[in-house]
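> Here it is, the structure in full.
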Amino acid sequence: MSNTPSAEAARLRTQLELYNYEYHVLDAPTVPDSEYDRLLQRLRTLEAEFPELVTPDSPTQRVGSEPLAQFAQVQHEIPMLSLDNAFNAQDMVDFERRLRDRLGAHAPATIEYACEPKLDGIAVSLLYRDGKLERGATRGDGRTGEDITHNVRTIPSIPLRLRGDGYPGVLEVRGEIYMPRAGFEAFNARARELGEKPFVNPRNAAAGTLRQLDPRLTAQRPLQMCCYSVGHVEGGALPETQSAILDRLQQWGLRTNPESEVVNGIEACDQYFQRLEAKRDSLAYDIDGIVFKVNALDLQERLGFVSRAPRWAIARKFPAQEEMTRLLDVEFQVGRTGAITPVARLEPVFVGGVTVSNATLHNADEIERLDVMIGDTVVIRRAGDVIPQVVSIVPDRRPDDARPVEFPTVCPVCDSPVERGEGEAALRCLGGLVCGAQRKAALRHFVSRKAMDIDGLGEKLIDQLVDTDQVKTVADLYALPRDVWLGLERMGEKSTDKLLAAIERSKATTLPRFIYALGIREVGETTAASLALHFGSWEALSSAAESVLLEVEDVGPVVADHLRQFFDSPDANTVVAALRTAGVHWPDVERPSEDATPLAGQTWVVTGKLEALGRSEAGAALKQLGAKVAGSVSAKTHCVVAGPGAGSKLKKAQELDVTVIDEAAFLALLQEHGVSL
Ligand code: IVH
């Protein structure tokens, strides 16, 4: 192996491209991100020392430094077409009949279809010359698009040079650029926090991002590319079917959709459609239908085109995820921490597969941004299991009697003063435990499954206890005499005994559960588990200085501040003391020592639904034993804990021959290593 700087740079690039391909195209990373970052850093250093070694397709050259002044126009050699739509099974049957009529004697006994999810993003064209990415362009009007090369270069799943060999000298690849749902939600959450404008939906987010003139901004947004066809090709041949072309594209390093399948006949298309529709919510990205394409290219050629769409393909649409309805009123809900949230009451509307009659409006900034008034016609979006959102209003449809949304000046539940904290978007009730709404929410949280897990103490009972003022704090739950429970609506002897037994059982708890149950602001299940693991005991945790709290994983200045405020509050201390007097107890958490970390150096993945413990608890237990917990399965994964409903991660583990254990085996292992749960 030659050790010249130039040879080292070439080796680093090849290695980085391989890791990038494994991660983004195969979804199967073989090394941790840190290794990728280390190699990239080494390459940067080398290129800084020897600038003559920099090549345009080097992985260091994804983000240009200067924003463009404007977009240049691009003429598409072959127009980028659109698709005909189908809305039901009959439309599909009609589609096949049209195909057969046209093909006549050339129609095969069964027509083979390539089925592909229809990603809801932006159509783009990528031009590779001699394997190097030369240009990226938007579809535009189909003939003329915009040059977005500077932006597509920043998208990690788009290779700057193709892998392997055998690709045509000129290869134009087409596909969709989109923003995965999680990235979209995270981006909008941050935008809302900063008081910036959130995007209406992932599609607009992708479009807005691609229209950035400054590639440094694009690079910060989580865009993905998925390829679905080829355009202009010169100097090389491609396979004879749509599905084989996609396979070839993937071998050349381009991302294609792993859900794509080839099926026989139009009935099988219907089955594929049903399957994907059932899966739609669990996909990481939005799809708005399925594209069915005649698989054989010779048949495609015979069928040809009508105006702007091919005769050989059709897009069958899913029910819409956005619909219009009327905003009837805005009510204000008070949450566990006093945050007052405006909730839209809507004329019921069927959207994203369910009937929606409420949607959150987040806060005053959001209402101002939407410029929404009561009586307005609004656009509602519900995608996946994300809560329904009001995305915009229809200004033309504002009635004359529309009235502005008025924010309460005192708490709508307890009449306490309200305040908008510095730098905060939310209005907050300052009533604390005086406020019935906060008390109810705190109690609901305290008894919930992942907290104290008091089975049978539902919302109706909590409401009665709070409304009659028999319970002021969570500690009062342990002090209520039997006849108070018996006196509540719908409580008989049997249910009272059962509930009292559940309350008694809840006293033996764990430190992570206890911390979580207290409902300290911003302290979720994961943070509670990290705190318990770090400090080991309540005493150590509650006396820790802010600077010490900051050392804990997941704890930033905001959380540390909330924690200290809680520990310093006399009311909170009274409640904790009362809980302990009532008999609530837990074992201290063993801090892992060297020999107590039998899984050190191993990477584990938890997937599916676990019964006995939450996924974060499972993660915390693994960390306690020294394992690293990863979100995706690769050849480097040591073991996968799979509960019911495990999907693609389980499949990948089986493909890669990674050990898989079920929850029972996992619990046995934890017990063996003395992890207390
Ligand atoms: S094929 C000539 N395949 O849908 C065929 N399009 O309504 C043209 N789209 O502009 C497109 N996923 O942006 C094709 N697997 C897929 C697709 C797909 C999404 C988009 C594409 C196109 C629009 C047509």
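The values are calculated or read from the model by the stated rules, or taken from the named source; none is laboratory data. As the structure is a prediction and not an experimental result, all values here were calculated from the model. When we count neighbours, we look across all protein chains shown, and the Cβ atoms used for this are built from the backbone with ideal geometry, even at glycine.
> May I ask you to list the residues in segment 267-292 that are over 17 Å from the mean Cα position of the chain (by Cα) and either crowded, with 21+ Cβ neighbours inside 10 Å or within 14 Å of the ligand (Cβ to nearest atom) (or both)?
If we filter segment 267-292 for residues that are over 17 Å from the mean Cα position of the chain (by Cα), which is where we start, we get 267-278, 288-292.
Passing the criteria: Cys269, Tyr272, Phe273, Leu276, Asp288, Gly289, Ile290, Val291, Phe292.
> Let me ask something else about it. Only one of these is at pLDDT 95 or above, away from the ligand (no atom under 12 Å from the Cβ) and either out of contact with any Leu (no Cβ under 6 Å at 6 or more places or on another chain) or under 23 Å from Tyr178 (Cβ atoms) (or both): Glu331, Glu259. Name it.
Values: Glu259 fails: away from the ligand (no atom under 12 Å from the Cβ).
One residue alone meets the criteria, Glu331.
> A further question follows. State yes or no: is Ser125 hydroxyl-bearing (Ser, Thr, Tyr), in contact with a helix residue (DSSP H, G or I) (Cβ under 7 Å, 6 or more places away or on another chain) and within 16 Å of the ligand (Cβ to nearest atom)? Before you say what the answer is, go through the steps one by one.
On the way: hydroxyl-bearing (Ser, Thr, Tyr): yes; in contact with a helix residue (DSSP H, G or I) (Cβ under 7 Å, 6 or more places away or on another chain): no; within 16 Å of the ligand (Cβ to nearest atom): yes.
The answer is no for Ser125.
Yes/no matrix, rows are residues, columns are (1) touching a strand residue (DSSP E or B) at 6+ places or on another chain (Cβ under 8 Å); (2) not aliphatic (A, V, I, L, M):
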| position | (1), (2) |
| --- | --- |
| Leu500 | no, no |
| Arg505 | no, yes |
| Thr510 | no, yes |
| Gly536 | no, yes |
| Leu550 | no, no |
| Thr574 | no, yes |
| Trp586 | yes, yes |
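> Taking Leu457, is it within 26 Å of Ala359 (Cα to Cα), under 33 Å from the mean Cα position of the chain (by Cα) and in contact (Cβ under 8 Å) with a residue 24 or more places away in the chain?
On the way: within 26 Å of Ala359 (Cα to Cα): no; under 33 Å from the mean Cα position of the chain (by Cα): yes; in contact (Cβ under 8 Å) with a residue 24 or more places away in the chain: yes.
No; evaluated as a whole, the condition is false for this residue.
> Output the residue which, of all residues in segment 635-675 that are of a type in the set (Val, Ile, Thr) and in contact with a helix residue (DSSP H, G or I) (Cβ under 6 Å, 6 or more places away or on another chain), is farthest from Ala620 (Cα to Cα). Steps first, answer last, please.
In the first step, residues of segment 635-675 are kept if they are of a type in the set (Val, Ile, Thr); the result is 637, 640-641, 658-661, 675.
Within this subset, residues satisfying the condition of being in contact with a helix residue (DSSP H, G or I) (Cβ under 6 Å, 6 or more places away or on another chain) are 640-641, 660, 675.
Values: Val640: 15, Val641: 13, Val660: 19, Val675: 10 Å.
Here the residue is Val660.
> If we keep just the residues of segment 351-372 that are more than 17 Å from Leu427 (Cβ to Cβ) and surrounded by fewer than 18 Cβ atoms within 10 Å (Cβ to Cβ), which is modelled with the lowest pLDDT?
Looking at residues that are more than 17 Å from Leu427 (Cβ to Cβ) and surrounded by fewer than 18 Cβ atoms within 10 Å (Cβ to Cβ), I get Gly353.
> Here's something else I'd like to know. Check Thr341, Thr409 and return the single one that is polar (S, T, N, Q) and more than 26 Å from the chain's Cα centre (by Cα).
So the residue among Thr341, Thr409 that is polar (S, T, N, Q) and more than 26 Å from the chain's Cα centre (by Cα) is Thr409.
> What helices (runs of 4 or more DSSP H) completely inside segment 563-677 contain at least 2 residues that are under 23 Å from Ser448 (Cβ atoms)? Break it down stepwise before answering.
Values: elements: 570-581, 615-624, 648-655, 663-672.
Helices (runs of 4 or more DSSP H) meeting the threshold: 570-581, 615-624, 663-672.
Residues are listed down the side, and each one gets a yes or a no for (1) at negative phi; (2) outside any loop (DSSP other than H, G, I, E, B); (3) in contact with a strand residue (DSSP E or B) (Cβ under 7 Å, 6 or more places away or on another chain):
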| residue | (1), (2), (3) |
| --- | --- |
| Glu66 | yes, no, no |
| Gln70 | yes, no, no |
| Arg98 | yes, yes, no |
| Leu103 | yes, yes, no |
| Glu116 | yes, yes, yes |
| Gly145 | yes, yes, yes |
| Ile158 | yes, no, yes |
| Gly164 | no, no, no |
| Val173 | yes, yes, yes |
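> Still on this structure, please answer the following. Pick out, from segment 203-292, the helices (runs of 4 or more DSSP H) lying fully within it that include 1 or more residues that are among the aromatic types (Phe, Trp, Tyr) and under 17 Å from Ala315 (Cα atoms). Quick ask: steps written out before the conclusion?
On the way: elements: 215-219, 242-251, 265-279.
Ranges flagged: 265-279.
> Restricting to segment 128-143, and then to whatever is more than 12 Å from Met80 (Cβ to Cβ) and in a strand (DSSP E or B), can you tell me which residue is farthest from the ligand (Cβ to nearest atom)?
Kept after step one, since they are more than 12 Å from Met80 (Cβ to Cβ), are these residues of segment 128-143: 128-136.
Restricting the remaining residues to those that are in a strand (DSSP E or B) gives 128-129, 132-136.
On the way: Tyr128: 19, Arg129: 23, Lys132: 25, Leu133: 20, Glu134: 21, Arg135: 18, Gly136: 14 Å.
Within segment 128-143, the match that is farthest from the ligand (Cβ to nearest atom) is Lys132.
> A further question follows. Asn201 versus (1) within 16 Å of the ligand (Cβ to nearest atom); (2) over 29 Å from Leu40 (Cα atoms); (3) in contact with a helix residue (DSSP H, G or I) (Cβ under 7 Å, 6 or more places away or on another chain): which is the lone unmet condition?
Status for Asn201: all satisfied but (3).
> Take Asn264 and decide whether it is more than 30 Å from Ala182 (Cα to Cα), in contact with a Ser or Thr (Cβ under 6 Å, 6 or more places away or on another chain) and crowded, with 16+ Cβ neighbours inside 10 Å.
The answer is no for Asn264.
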